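To start, the structure under review is shown below, and the notes come after it.
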Amino acid sequence: MDFDFRFRNTQGKWESSGHKKGVDRASAFRALTKQAGGMPAGEYMSRPRGRQKDWDLFSLDQQGNITAPR
């Protein structure tokens, strides 16, 4: 499945981080991180590419661990 990713910048606006294929969101994000040479820690959102409008929020910490809001 192909996923879109966005990052919340320092001004609070969402900007595109890219898109990548993966079995699930976590594997797609790891592949995108590897391709980009790392991603900044902070808030992200993702969704499968296509017509889906709902985004899933998650955070990336300094160690590269992904956490979903509760």
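Checking each residue in segment 1-33 for being aliphatic (A, V, I, L, M) and under 16 Å from W55 (Cβ atoms) picks out M1, A26, A28, L32.
Counting only residues that are of a type in the set (G, A, S), surrounded by 14 or more Cβ atoms within 10 Å (Cβ to Cβ) and within 11 Å of the chain's Cα centre (by Cα), segment 14-25 holds 2 of them.
Scanning segment 39-53 for residues that are touching a strand residue (DSSP E or B) at 6+ places or on another chain (Cβ under 9 Å) and either under 18 Å from G22 (Cβ atoms) or at pLDDT below 90 (or both) gives M39, Y44, M45, S46, R47, P48, R49, G50, K53.
Of all residues in segment 1-37, those being of a type in the set (F, W, Y), at pLDDT 95 or above and out of contact with any Pro (no Cβ under 9 Å at 6 or more places or on another chain) number 2. Scanning segment 20-36 for residues that are of a type outside the set (A, V, I, L, M, F, W, C) and within 18 Å of N9 (Cα to Cα) yields a total of 1.
The values are calculated or read from the model by the stated rules, or taken from the named source; none is laboratory data. As the structure is a computational prediction, the values presented were derived from the model and not from experiment. Here the Cβ is made from the backbone with ideal geometry for all residues, glycine too, and neighbour counts use every protein chain on show.
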